[in-house]
1. If amide hydrogens are placed 1.01 Å from N in the peptide plane, which non-local residues have theirs closer than 5 Å to the one on residue B:494?
2. Can you give the log10 of the normalised intensity I(q)/I(0) at q = 0.13, 0.16, 0.17, 0.19 Å⁻¹, computed with Debye over equal Cα scatterers of the stretch C:192-289?
3. For the stretch B:97-168, what does the equivalent ellipsoid look like in terms of its semi-axes, each the square root of 5 times an eigenvalue of the Cα gyration tensor, given largest first in whole Å?
4. Read phi for every residue in the stretch A:123-135 and hand back ³J(HN,Hα) as whole Hz from Karplus 6.51 cos²θ - 1.76 cosθ + 1.60, θ = phi - 60°, with x for Gly and Pro.
5. Mind jotting down a quarter of the surface of the convex hull over the alpha carbons of chain C, in square nanometres, one decimal?
6. Looking at the stretch B:271-517, what % of its DSSP beta bridges pair antiparallel, to the nearest 5?
7. Remind me, what semi-axes does the stretch B:442-514 give for its equivalent ellipsoid, largest first in whole Å, using sqrt of 5 times each Cα gyration tensor eigenvalue?
8. Along its principal axes, what span do the Cα atoms of the stretch B:271-517 show, with the longest given first and each in whole Å?
Amino acid sequence: MWRFIGFRLLQSIPVLLVVITVTFFLVRLAPGGPFSSEKAVIPEVKAALEEQYRLNLPMYEQYIAYLADLAEGDLGPSFKYPGRSVNELIAAGFPVTAELGFYALLVAISIGGIAGIVASLRPNSAQDYIPMSVAMIGICVPSLLMGPILILVFGIYLEWLPVSGWGDMPGDKILPAITLGSTYAAYIARLSRAGMLEVMSQDYIRTARAKGLPEWQVVVRHGLRGGLIPVVAFLGPAFAGLLSGSFVVETIFQIPGLGRFYVQAAFNRDYTMILGATVFLATLIIVFNLLSDILAAWMNPRLRSQYGGR
Amino acid sequence: MLTVENLSVSFVTRMGTTKAVDDISFTVESGKITAIIGESGSGKSVACYSLLGLIPQPPGRIDGGRVMFENQDLLQLKPEQLRKIRGRDIAMVFQDPMTCLNPYMTIGNQLMEPLLYHKHVSQAQARKRALELLEEVGIRDPASTIDNYPHQFSGGMRQRVMIAMALINEPKLLIADEPTTALDVTIQAQILQLLAGLQTKRDIGILFISHDLAVVADIADQIVVMQAGRIVETGDRDAIFRNAHHPYTQKLLQAIPRGGKAVELPATEPLVQVRNLCTWFQSGKTSVKAVDNVSFDVLRGEVLGLVGESGSGKSTIGRSLLRLVPVTSGEVHFDGIDVTALQGRGLKNLRRRMQFIFQDPFASLNPRMTVYDTLAEPLLLHGIENRSTVGAHVLKLMDDVGLARAFVRKYPHEFSGGQRQRIAIGRALATRPEFIVADEPVSALDVTIQAQILELMRGLGREYGLTMLFITHDLAVVRQLADRIVVLQKGKIVEQARTEDLFESPQQQYTQQLLHSIPGRSLMELNA
Amino acid sequence: MDAPTITDIAQAEQGSSLWRDAWLRLRRNRLAVFGLAVLSFFIVIALLTPWIAPYAYAQQQLELGATPPSAAHWLGTDIFGRDMLTQIMYGGRISLAVGFIATSVALLIGITWGAIAGYFGGKVDALMMRLVDILYALPFMIFIVLLMVVFGRNMLLLFLAIGAVEWLTMARIMRSQVQSLRQQEFVEAAISLGLSPATIIRRHLVPNALGPIIVYTTLTIPSVMLLEAFLSFLGLGVQPPQTSWGLLIAYGAETMEEYPWLLLYPGLTLVLTLFSLNFLGDGLRDALDVRGAKD
């Protein structure tokens, strides 16, 4: 197992390097520097600022210097908010996004997983059609639509839940979590249904029944182990999607998370912020993908022994 | 002990209602083996599964009948009551141990499960019992393998585990659904022996389902023959084999390959020469020696049988001869031409003269091409016919292989297995090749269809003057067709001889073991 | 063998191909048929928009302001007094175009890449798929955001960027299809007959690989359209004066309290289109899945 993990970790490094490099040069290539939209700056001040932010060095040297800083974990100062480093900004915004993502994932896995499993137990019946139709809604009503509609219904018309902001009240978390998580709940429902259907039609399920086990035991002890593997494998891409999705959801609900900062940084051409946030998010995504792949492989005993285990 | 009376089962689908089992009655006694024989579609499996309520009730439907087991009608029991009997008093062993064992659970856990559920013993007791049973079914050193997963066992061992799992609750009746069909012939013999032994030791009744009369000839006490959902004949073993009444039973008996080939072949020169053939496959760090330094000749006009179990390399050799797999080293000469060195146009021309017939008639035909397309393709490719003349040639080919001309524009999925194999044979013969490699051409077919296709191949071989390499694991079949036989084991040649010489006086131990494992030996003695 | 003997191929009864079987199965699936109908309807409207839109696209009637649906304006007007129905129709042209064009780009690149990797195997395959794996791990949403910010608001770029994201999965699917087909015995049979690799790919591999490709394509279009909607919503996609459903929804969301119809109708149209594509895709998957009965 360790060989597998080590191998995958090694594969991740070039990926990360590619991300950093591409982002770095993309951002630098953008027309208009970070200061061009500001009021006219005195040339000397501009030169001083450029020196401070190393903008007067050739591109290549800027790159190397950046990598050096990166190795120490320093993501550099923010262009837009002088006096604050990118690390600080990320540290401020990320916990919020993480919390949002966590609730959304919780919603997705619990509702989606159960809906899919329940639907798979009686295919082509009401027990199947109803959850799957609701799931279809989750897929076809994107968060940019669902968010406003939920706000309209629950926030404005019914006034049950707050419309925006992110305080300590649990009520704040509900609508954004549902909005972000609904699409993934739908995908997980479909995946778990398909996975369970496939597993339950296998011969070894018939063997389990022939042993006289009650149906619930057949499903839980024999069916789930294989049926949920596609869901576990999906968790990696789901995580990446949740992070991207947070951009939109945080914008709609005015949540001060990393996603919103990121979009703003993009508009403001805050080089270091964009770069820093990209590196940070990309690393997270890569790690999560790796974790979910490892978990999915571990769940399959054949792969487990193939990669060096028992 | 088990009495089935007038059982009828149907399937109701959108397409209509089919009667899978029609008014059948039979018994199984304690300490005896009752075999149910039938080809695909006979209803034998449906009948036995419905005894235990394993048929999903829509679309299945029990139309009538009684199944008496220990004074209870199983069909009348409520699901919970039936469940108590399943796995405890009546247990099942299935056909394919790879797919029938849960790949995600250890053998030990699966073995202990029915014990823990039905008899409420402790974990420690269950484990002890499981180890005992593994020992009993012939698994060496059970303590070290009990926590392994199914994929870590071989096919034969997995089937032993299935049997252990079925016996762990000391059932009174064991239902075995084609338990040896997926196994190699030597393993099959072992498993049959195991079952017969266990049965006498524990005095249980066995209901043995099979499509192969020869397999049950050695162990069955009573035989029930089914066709199209009905029982056509019942009798005890000797009666059936000596004196079958029903024409279908007789047809089944005749389809059992028996005896050898009478034709004497004058010594001729070799058409195909194989020298030091090695084909190795890389898998990570290890290389698998599928074919290990094999040399033999195929004489012009003869049928050479290539016999071996799985892993013997026989299929790889066949494919190597036609350059379908890359050869690692060694040479293959066809009519003096070095096949292994050919490229491009030379190779294409050679392909005209050598053809291949595959095992699985469904997979060897392109599902999107009609019979016409499939048969015309080689004719057009090699310029034997052009677009305007190819039609007549295709129709004639269909006549040769015994297919109705009217079906020429149909697609593979609209035919039966035997018909598809005829199409495949037609395709192989289209270019009038001199040499044909047939890789298990009848193994995937029902026994009566097998006999027909073998007859067809014999006839066509004579008519077209073919030289054939016939690859199979079935010694009984090859005896009927081959002039000489080469026996393979693990990529090496074990023995080569003329067919009758091999059968009468096998030299090597492995050959003797193979011959000994041919099912239905007692049958041959019966009819000798 | 009691069928009449024939002397000419043309006299034989045509068999039922797998495509025909699949089509029959699809027709029975009401949801899929519904999806197909709605989708066709929207496409036709989108194509004919310049001729059938009730108002000119840029026509503003500022004095009207935003009005709810009425006889003159079936779906109401926006704050500039522009007819919503017209806006949605023109927006649909862009959204659907992005969906189909970007998907086509992804399809072309993905299929070619996957087919080559799958057929040749070995080192070629390893190299090509390694590249795909690396690209797959990249957080594309982030890149697209960057791209759009950096290079501005270029429709062509939008197509290409979105297509560049989607081709990866297409390549993976095609490759695994080709790989598994290549091991099928009818491909070995084709090789043993002496056919050239090009003919084998064309006649034997591609027709049999199409099934999952078609299904996946139908399901890629909605995710592409969603991607466009997301970007436009964030201000990074389609820019005014052009419009798309994503943009309309963004505007609608801003004023949804006072003028809910500005959010509702574009939203409904998008959802309806996505439903149709998904139902159709699911229906195609069910219809094409069974390879015909084995006996």
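1. B:487, B:488, B:489
2. -0.62, -0.76, -0.81, -0.90
3. Values: eigenvalues 64, 33, 23 Å².
Three semi-axes, in Å: 18, 13, 11.
4. Computed from phi, the couplings for the stretch A:123-135 are x, 6, 10, 4, 4, 9, 5, 5, x, 6, 5, 4, 4 Hz.
5. Mean orientational projected area (chain C, Cα hull): 21.8 nm².
6. 55 percent
7. Square roots of five times the eigenvalues give 24, 14, 11 Å.
8. That works out to 55, 42, 37 Å along the principal axes.
Rule-based calculations on the coordinates, nothing more; no lab input. It should be emphasised that the depicted structure is a prediction, and the values quoted were computed from it without experimental measurement. Every residue, glycine as well, gets a Cβ built from its backbone with ideal geometry; the counts of neighbours run over all protein chains shown.
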